[in-house]
1. How many times 2.2 N^0.38 Å is the alpha carbon radius of gyration of region A:137-336?
2. I'd like the mean, over residues of B:174-180, of how many other protein chain beta carbons sit within 10 Å of each residue's own Cβ.
3. Just check region B:19-91 against the gyration tensor rule for me: Cα atoms, a ≥ b ≥ c as the square roots of the eigenvalues, rounded for a/c under 1.5, and otherwise prolate or oblate depending on whether a/b exceeds b/c.
4. Below 8 Å, C-alpha to C-alpha, sequence gap of six or more: please give me the relative contact order for chain A in percent.
5. Going by average Cβ density within 10 Å per residue, which order do the peptides A:120-130, A:346-356, A:186-196 take, highest to lowest?
6. Label residue A:225 and residue B:24 with points 7 Å out from Cα along Cα→Cβ: what is the distance between them in nm?
7. Enter the mean number of other protein chain beta carbons within 10 Å of the beta carbon of each residue in A:225-233, as an integer.
8. Between region A:398-412 and region B:123-193, how many Å separate their Cα centres?
């Protein structure tokens with residue numbers, strides 16, 4: 001099959017790009033290994049809700065129009081939203097089509113899939129940032145009787161045994177899972193290293209409203225002093241609940257979750273946790289303080305103070321001294337909420353860095369005609385968020401259109 | 001948001017904590033391009049003197065692809081104090097660890113402050129480690145040999161807000177070699193020739 005652009009992945013990123021290409025009358029196909037919104041169907045836990053409020057679900061020519069703009073969509077609702085989007089924009093999706101390889105040819109690219117071969121002038125990788133969990137090497141040192149899983153496998157507390165659970169990682173997934181398990185009566189320990197602490201609301205407004213309004217989410221990759229560091233920031237310690245509660249370490253401690261430092265090693269049947277826990281808590285508190293200072297300055301500069309509640313600062317993270325060891329004999333289950341690092345065995349090696357990650361400049365890959373969407377801070381701070389794929393797709397489809405023009409000029 | 005404060009070149013030039021940040025950033029860039037250059041090995045030679053007194057010499061180390069040499073050979077003696085029925089020819093090894101940790105953190109504070117355009121006027125620290133001797137004396141198997149905990153208290157005078165200073169101290173810990181050595185497990189292999 002021949003087409004102009006092959007888009008790989010029919011999640012929000014792939015669909016957004018499809019819409020942008022359709023608006024530019026550029027022929028394309030969208031390849032999807034499962035059904036539209038596949039990851040949302042197969043890799044999310046039952047109670048999961050988006051971290052971002054519904055009004056922030058904005059895709060090219062389609063946005064949330066329900067009656068709960070300040071609420072947080074469930075995974076099921078996201079599936080419905082995306083499936084509806086796909087139909088509405090008439091995205092040319094080929095489902096149950098897995099990509100086996102993408103190779104550069106003299107005329108562009110050849111994508112080999114489980115349902116056939118596609119030749120195209122351009123390729124857009126839209127497979128997302130969360131396809132492969134990153135599990136530390138120490139997982140191999142745990143006793144084989146232990147049940148080990150990641151947020152991709154986790155569904156609900158009843159699916160786990162009754163014993164103690166060690167959740168490794170205190171970012172959004174780890175904090176939410178630890179919180180849910182504890183509220184269901186489980187004995188939970190959470191091992192936390194670097195994390196980003198945020199209140200759910202500040203001065204009466206959702207924290208995402210602030211980050212959007214102040215312009216933080218639109219910060220560009222080429223304006224950052226250390227983009228590598230910005231891209232490695234842990235995911236925000238937030239949860240989306242109707243009560244709009246804050247989910248930070250103080251809150252976890254408050255419901256009875258035991259907090260320890262970063263999971264650093266296994267010695268015999270003892271788990272070892274880093275003694276750096278206090279520093280990571282202090283660093284997260286300071287970072288939060290700086291964000292709230294930025295918000296307060298913005299509010300003052302823009303005359304918003306009269307309409308808002310007064311500025312305030314959350315309590316510092318104050319926790320009992322964390323133990324540095326734990327007898328693994330007391331733990332049944334380990335949840336590795338330690339992040340994701342997608343791998344790309346189907347891409348040519350020279351497109352990847354020495355850690356196997358796609359090399360790109362704001363989403364433009366190291367091969368003319370190849371693009372990637374949806375990676376953390378790829379072009380903007382919000383690049384990996386639902387609300388970020390639209391603007392990135394607009395930018396990159398423009399770049400892609402120019403590339404096609406160049407090819408056409410060269411050929412004529 | 002980054003934790004490196006953006007500073008303009010004029011404020012960077014007038015701040016001098018004695019740290020050559022440009023050289024460090026240059027080294028970082030070079031080692032990103034050539035990871036082999038970043039492989040270092042530090043080492044020391046030690047000899048027993050008498051009793052609990054050992055004399056340890058640090059002169060050479062390996063880095064940037066070849067053997068390197070300190071400006072001179074440094075000799076450090078370690079011993080036990082007289083209250084341990086020893087002769088106190090040098091500080092005790094656990095005290096050497098405290099010296100090492102606070103030295104590493106202070107160096108980091110100066111470097112981070114330099115990078116962030118913060119002029120340090122004075123940086124003083126008190127470090128202490130609690131140890132229950134029932135561990136090393138084999139009296140109680142539930143007591144560890146080493147420190148139960150280490151506290152470090154910094155008193156810093158600088159042209160920066162309290163939060164900025166706290167952030168420098170936090171960043172120093174984050175990037176400190178000895179902080180990592182002390183707070184995380186490290187494999188130690190001891191063999192006999």
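All of the numbers you see were taken from the coordinates with simple rules; none came from a lab. It should be emphasised that the depicted structure is a prediction, and the values quoted were computed from it without experimental measurement. Virtual Cβ from ideal backbone geometry, glycine too; neighbours counted across all protein chains shown.
1. Values: Rg = 18.5 Å, N = 200, 2.2 N^0.38 = 16.5 Å.
Working it through for region A:137-336, the quotient is 1.12.
2. Details: counts 5, 0, 2, 0, 0, 4, 4.
Partner-chain Cβ atoms within 10 Å, mean over residues of B:174-180: 2.
3. Details: a/c = 3.72, a/b = 2.75, b/c = 1.35.
Note, shape of region B:19-91 comes out prolate.
4. Working: 798 pairs, mean separation 91.2, N = 412.
Here the relative contact order equals 22 percent.
5. Details: A:120-130: 24.7, A:346-356: 13.1, A:186-196: 23.1.
Highest-to-lowest ranking by the protection proxy: A:120-130, A:186-196, A:346-356.
6. Label-label distance for residue A:225 and residue B:24, simple model: 1.2 nm.
7. On the way: counts 5, 3, 1, 1, 3, 2, 0, 0, 2.
The shielding value for this peptide is 2.
8. With region A:398-412 and region B:123-193 each reduced to a Cα centre, they are spaced 59 Å.
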